[in-house]
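I'd like to ask you about the structure that follows.
Quick note: the coordinates plus some simple rules give every number you see, no bench work behind them. Note that this is a predicted model, so its numbers are computed, not measured. Using ideal geometry, Cβ is built from the backbone for each residue, glycine included, and neighbour counts are taken over all protein chains shown.
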Amino acid sequence: GAGVSQTPSNKVTEKGKYVELRCDPISGHTALYWYRQSLGQGPEFLIYFQGTGAADDSGLPNDRFFAVRPEGSVSTLKIQRTERGDSAMYLCASSQGLAVYNEQFFGPGTRLTVL
Amino acid sequence: AQKVTQAQTEISVVEKEDVTLDCVYETRDTTYYLFWYKQPPSGELVFLIRRNSFDEQNEISGRYSWNFQKSTSSFNFTITASQVVDSAVYFCALSERNTGNQFYFGTGTSLTVIP
């Protein structure tokens, strides 16, 4: 079956611009997660959705970051006024239920480069 | 404080050698899960194993084995008779019942298997 997909695979933008990163979870998975991975580091949690609602957004670094999941499936991570420090790999994952019980399946990521 | 520590940043072994990747975790929760993921050069995180806090039985899957010891808060991963295809970054992760919405990842261990 299809895994988690993310588009685009690479995004290069200029400082100050707005970007959107898309995640298509595995069909039927109710939980969706966004992580950010900097070079040489492990993924860091950003936000978690259960269905349509953001159940935990405590990992978002500041109010320039926002994510939505309007129909409980596809999610979009939005970054306003991008900064060079936002450059990283952005990973999306989905699971059948709460992460504490279920493994997360990860997508290939979107590599964001802010010039 | 780092909840998951992978002290080995990089390891190189010659093909067919055994190698152990260390993982030490920290939690006050009595119910938690530990995971190992593999991130090959292609970038996509691949789930390897999940272990809950009430099951300290070691597990073997082919050339892979895992040693979970609550007394030392460790969940180590051994690859027997390593192969070039095992070259990747390996991440250990923790999820807790009380903060069950996210994984806490270690910083990863980069394994290179030399032919």
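How large is the dipole of region B:1-47 about the Cα centre if only Lys and Arg carry +1 and Asp and Glu carry -1, each at its Cβ, rounded to the nearest 20 debye?
My answer is approximately 200 debye.
Within region A:13-112, which GluC sites (Glu not before Pro) sit in a loop by DSSP and count at most 10 neighbouring Cβ atoms inside 10 Å?
A:14, A:71
Can you compute the charge dipole magnitude of chain A about its Cα centre, using +1 on each Lys and Arg Cβ and -1 on each Asp and Glu Cβ, nothing else charged? Give it in debye, rounded to the nearest 20.
Its charge dipole is roughly 400 debye.
All other residues with a Cβ under 15 Å from the Cβ of residue B:80 taken together, and with Lys, Arg as +1 and Asp, Glu as -1, what is their net charge?
Values: positive: B:16, B:63; negative: B:15, B:17, B:18, B:59, B:86.
Here the count lands on -3.
Can you pull the mean other chain C-beta count within 10 Å for peptide B:35-45?
4
What is the dipole size for chain B, taken about its Cα centre, with +1 at each Lys and Arg Cβ and -1 at each Asp and Glu Cβ, in debye to the nearest 20? If you can, show how the numbers build up before the last one.
Numbers: 9 positive and 13 negative charges, 53 e Å.
Rounded to the nearest 20 debye, it is 260 debye.
In peptide A:43-51, what is the residue-averaged number of other protein chain Cβ atoms found within 10 Å of each Cβ?
Going residue by residue through A:43-51 and averaging, the value is 3.
Could you tell me what a quarter of the Cα convex hull surface of chain B works out to, in nm² with one decimal place?
So the Cα hull casts an average projection of 7.0 nm².
Another question, then. If Lys and Arg each add +1 and Asp and Glu each add -1, what is the summed charge of the other residues whose beta carbon sits under 15 Å from the beta carbon of residue B:108?
-2
Does a label point 7 Å from the Cα of residue B:58, set along Cα-to-beta-carbon, have any residues of region B:75-95 with amide nitrogen under 17 Å, and which are they?
Residues B:75-82 fall inside that zone.
Further question on the same structure: Too long at a 30 Å Cα-Cα cut-off: which of A:17/B:3; B:3/B:38; A:78/B:38; A:15/B:38; A:11/B:38?
Flagged as over cut-off: A:17/B:3; A:15/B:38.
Net charge around residue A:42, counting only other residues with Cβ within less than 14 Å of its Cβ (Lys, Arg = +1; Asp, Glu = -1)?
+2
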